[in-house]
Ligand SMILES: C[S@@+](CC[C@H](N)C(=O)[O-])C[C@H]1O[C@@H](n2cnc3c(N)ncnc32)[C@H](O)[C@@H]1O
């Protein structure tokens, strides 16, 4: 377990803490009622990780979720349930490289009128969408790209004060991207370190998920989650937006942010391409 994260209290204010626990129990119950576990497919974010993310969104009164990485739309469908009948919106970005798969996914999401699928590159679209929806409170859920690439994009977006919550999938414990994020977070990133009072519905969902995913031979740890969720608050925003690291290569968040401010979305995309070509051979 990462030491820097363990020392952090789950949350600071008891009232928001109670709200989180209540939302966690309620969404865990919804997950069971709507068979989210049975619908899970390999590669998708686990149901418990999604429930944790939804509870954090409720705790912070999030209005808009911007997702990057939709694929078959499993996580997007859950986001659709989250905003159903409320004054909230979801934008979901994907390359849609496989046209038939993308068509099926869009068909699946038709039931959710406030979910807006967007085709294109997150390198360009994330910054543009945040500007478009601000000042409404934004949470970002990124499941493609991954690692430092995704972190650079999320940090650059955090220059806009509308961004309140960042979530990144496949952020494995003990690995460098998780350590960097954990070092800047005000509370632990993973639900195992946050959830202290476990509502019965949450415990039931965890067990259901474990049994189901074990049966399917899930290729990810069922013991530790890998969705890192981090609040961007007044006290850590500056450090997040200014963060530089050799891990970011050419796409340093302050540089990306500055270029976006000048409207240079397409040229900034070249930084990511160039970084990938030079360093990820
Ligand atoms: C693991 S899948 C997403 C699964 C989905 N979140 C779920 O839980 O059901 C990753 C997706 O990210 C998309 N992706 C990766 N990098 C991207 C980028 N830079 N821009 C847009 N889409 C991207 C891929 O096309 C792929 O469909």
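Rule-based calculations on the coordinates, nothing more; no lab input. Only a predicted model underlies this, so the values are computations on that prediction, with no experimental measurement involved. So basically every Cβ, Gly included, is an ideal-geometry build from the backbone, and we count neighbours across all protein chains shown.
Brief remarks follow.
- Calculated [222 nm] ellipticity per residue, helices only, for the chain: -15500 deg cm²/dmol; basis is -39500 (n - 2.57) per DSSP H run with n ≥ 4, divided by all residues, nearest 500.
- Fewest-first ranking of 260, 36, 266, using other Cβ atoms within 10 Å as the exposure measure: 266, 260, 36
- Length gained on full extension, residue 99 to residue 192, computed as 0.36 nm times the residue gap minus the Cα-Cα distance: 29.8 nm.
- Per-residue Cβ neighbour counts within 10 Å put 214, 49 in the sequence 214, 49, beginning with the fewest.
- Among 116, 151, the order by Cβ neighbours within 10 angstrom, fewest to most, reads 116, 151.
- Once both labels are positioned 7 Å from their Cα atoms along Cα-to-Cβ, the gap between residue 41 and residue 276 label points is 2.2 nm.
- Distance from the Cα centroid of segment 93-107 to that of segment 160-183 is 27 Å (rounded to whole angstrom).
- Relative contact order (%) - criterion: Cα under 8 Å, at least six apart; region: the chain: 22 percent
- Placing a label point 7 Å from the Cα of residue 175 along the Cα-to-Cβ direction, the residues of segment 208-234 whose backbone N falls under 19 Å of that point are 218-230.
- Protection proxy ranking of 95-102, 229-236 - average other beta-carbon atoms within 10 Å, highest first: 229-236, 95-102
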